[in-house]
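Peer 1: Below: one structure in structure tokens.
Readers should treat all values here as calculations from the given coordinates under stated rules, not as data from a laboratory. Computed from a prediction, not measured in an experiment: that's the story for all the values here. We place every Cβ from the backbone using ideal geometry, glycine too, and count neighbours over all the protein chains shown.
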């Protein structure tokens, strides 16, 4: 039986390697969460612009709560009246061009 096989230094090296892999996994998970949050924040920004809402305030609101709540609220409140009129005018103009 080899005495060096059960030495404390061998166990320490194994534990250190395992801890490093756990640290790497934690870093990967944190990066994935940050990337997903940025994607959702961009979606909130685009959705607010499309609905005629203030994108800056909606992104700040998303930072305070979560982007999911902002997306749900933006879906519920819909477009502003000004944005709706603008969209209808564009649709009417498109129909006039298509019917000529």
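Peer 1: Evaluate E = 1/(1 + (r/R0)^6) for residue 91 and residue 55, where r is the Cβ-Cβ distance and R0 equals 30 Å; express this FRET efficiency to the nearest 0.05.
Peer 2: Efficiency at R0 = 30 Å is approximately 0.85.
Peer 1: Using packing as a proxy for protection, rank 94-100, 78-84 so that the peptide with the highest average count of other Cβ atoms within 10 Å comes first.
Peer 2: Going by the mean number of other Cβ atoms within 10 Å, highest first, we get 78-84, 94-100.
Peer 1: Any idea how far apart residue 64 and residue 27 come out in nm if each label point goes 7 Å out from Cα toward Cβ?
Peer 2: Between residue 64 and residue 27, the simple spin-label model gives 3.5 nm.
Peer 1: Would you please give the FRET efficiency between residue 80 and residue 37, computed as 1/(1 + (r/R0)^6) with r the Cβ-Cβ distance and R0 = 25 Å, to the nearest 0.05?
Peer 2: After rounding, the FRET efficiency stands at 0.40.
Peer 1: Could you sort 60-70, 28-38, 43-53 so that the peptide with the highest average Cβ count within 10 Å comes first and the rest follow in order?
Peer 2: Packing proxy ranking, top to bottom: 43-53, 60-70, 28-38.
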